[in-house]
Structures are given as C-alpha cells and as structure tokens.
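Down below is the structure, laid out as structure tokens.
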Amino acid sequence: MAFVTPAVNPDLDLVLERVVDVPPALCFRAWTEPELLKPWFCPRPWRTVDARIDLRPGGVFAVAMEGPDGQRSEEAEGCYLEVVPDERIVWTGALGPGFRPKAVPDGVPVFTCLLTFTATPEGTRYRAHVMHRDAAGKSAHEAMGFHGGWGTALDQLVAFAATLR
C-alpha cells in the first residue's frame, strides 16, 4: 500500500517545486547515496560532512553539517516512511530509526518531507512538500530560510548532477 499524498495545508506546509534538467533516477540517487548527497545537500559555505542512509521504511536518514569556521551542527536524524525508487521518498524528523518517537530540541522545527521526482520532457518535476506539526514550526522553518536554503541546495544538486553525466 502506497503512502497517500496529502493536500497542501498553507498553515502548516512549505513547498519547493521546480522542473530541473536532471533525470528522476539521478535525483533519487542524489538523495539516497551518501557520497552523492554530501556534495550538494546544504547551502555553501556549509557542507555535509556525514550522511547515514538505511534506505527502507523504518531506516535512518541522518546528516551532520559543518560551517566555514569549523562549527558543527548536531546530527539531524530521521526515519524513512516510504521509498519508491526513482519516484518518491518520504521521511520524517519526528521519528528515529525503527519508527521510534524521538525527542526534538526546543526551537527545532519538526516536519515530514515528501519528495517526488516526476519525469518531464525537460528532466524532472522536483517537489519537496514539507509538512510541519504546528504553525510555529512552519514559521520557524520559513524564517530559517526554507525557500532560499532548499532552493540553493537544489541548484547545487543540479550542478553536481551535471558532473555525473
């Protein structure tokens, strides 16, 4: 049974959607292979220094990032809910591996992300639908620079993918 795609709730959700010149299979690989994720995942000058991926429902999705002055973020860890090769990835930060509920520090937005990769004549319709548990989390994520940050990361994915063709 496939995960049902919910409607966008403008009070709780953020969406980044663009058509990119990258095939769906390569978008999927860039999100699911640690060595392909690390070069593009966070906006520069920050960089992703570690990525753990156990690509199955209940498996871990975790990243650690480092800033230009050596400051390191806490590892962000979540859980895959659904994986459909080359088409869809659903993961959440509300759960840890094995679907275990987890504590999240105050001020850290909790969300579930539905990534879809749909083939188009130009490449892929890339869509990140990020659902927050409350309006405060959505507002905090938006204020942190969701559109700019996720958009920049997508630009970096596209540029990185061009080096793999």
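The values are calculated or read from the model by the stated rules, or taken from the named source; none is laboratory data. Fair warning: this is a prediction, and the values are worked out from it, not measured in the lab. Here the Cβ positions follow ideal geometry from the backbone for every residue, glycine too, while neighbour counts run over all protein chains shown.
The table below lists the values:
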{"item": "Test: residue in segment 107-124 that is touching a helix residue (DSSP H, G or I) at 6+ places or on another chain (Cβ under 6 Å), at pLDDT 95 or above, among the aliphatic types (A, V, I, L, M) and within 17 Å of residue 37 (Cα to Cα)", "result": "no"}
{"item": "Long-range neighbours under 8 Å by Cβ, at least six apart or interchain, first residue touching a residue at least 12 places away in the same chain (Cβ under 8 Å) and at positive phi within segment 111-138, second crowded, with 19+ Cβ neighbours inside 10 Å and in a strand (DSSP E or B)", "result": "123/20"}
{"item": "Any chance residue 114 is under 18 Å from the mean Cα position of the chain (by Cα) and under 20 Å from residue 57 (Cα atoms)", "result": "yes"}
{"item": "Test: residue 32 is closer than 26 Å to residue 139 by Cα, at pLDDT 95 or above, polar (S, T, N, Q) and surrounded by 14 or more Cβ atoms within 10 Å (Cβ to Cβ)", "result": "no"}
{"item": "Test: residue in segment 56-73 that is over 21 Å from residue 148 (Cβ atoms) and basic (Lys, Arg)", "result": "yes"}
{"item": "Contacts under 9 angstrom Cβ, first residue in segment 76-91 being within 11 Å of residue 56 (Cβ to Cβ), partner of a type in the set (D, E, K, R) and in a loop (DSSP other than H, G, I, E, B), 6 or more apart", "result": "79/102; 80/54; 80/56; 83/56"}
{"item": "Single residue of 56, 52, 18 found to be basic (Lys, Arg) and part of a loop (DSSP other than H, G, I, E, B)", "result": "56"}
{"item": "Residues within segment 20-29 that are in contact with a Ser or Thr (Cβ under 6 Å, 6 or more places away or on another chain) and surrounded by fewer than 14 Cβ atoms within 10 Å (Cβ to Cβ), tallied", "result": "0"}
{"item": "Matching residues, segment 146-157, being of a type in the set (A, V, I, L, M, F, W, C) and either more than 17 Å from residue 38 (Cβ to Cβ) or in contact with a Cys (Cβ under 9 Å, 6 or more places away or on another chain) (or both)", "result": "146, 153, 157"}
{"item": "The listed residue being out of contact with any Leu (no Cβ under 8 Å at 6 or more places or on another chain), in contact (Cβ under 8 Å) with a residue 12 or more places away in the chain and either aliphatic (A, V, I, L, M) or over 14 Å from residue 164 (Cα atoms) (or both), out of 47, 18", "result": "47"}
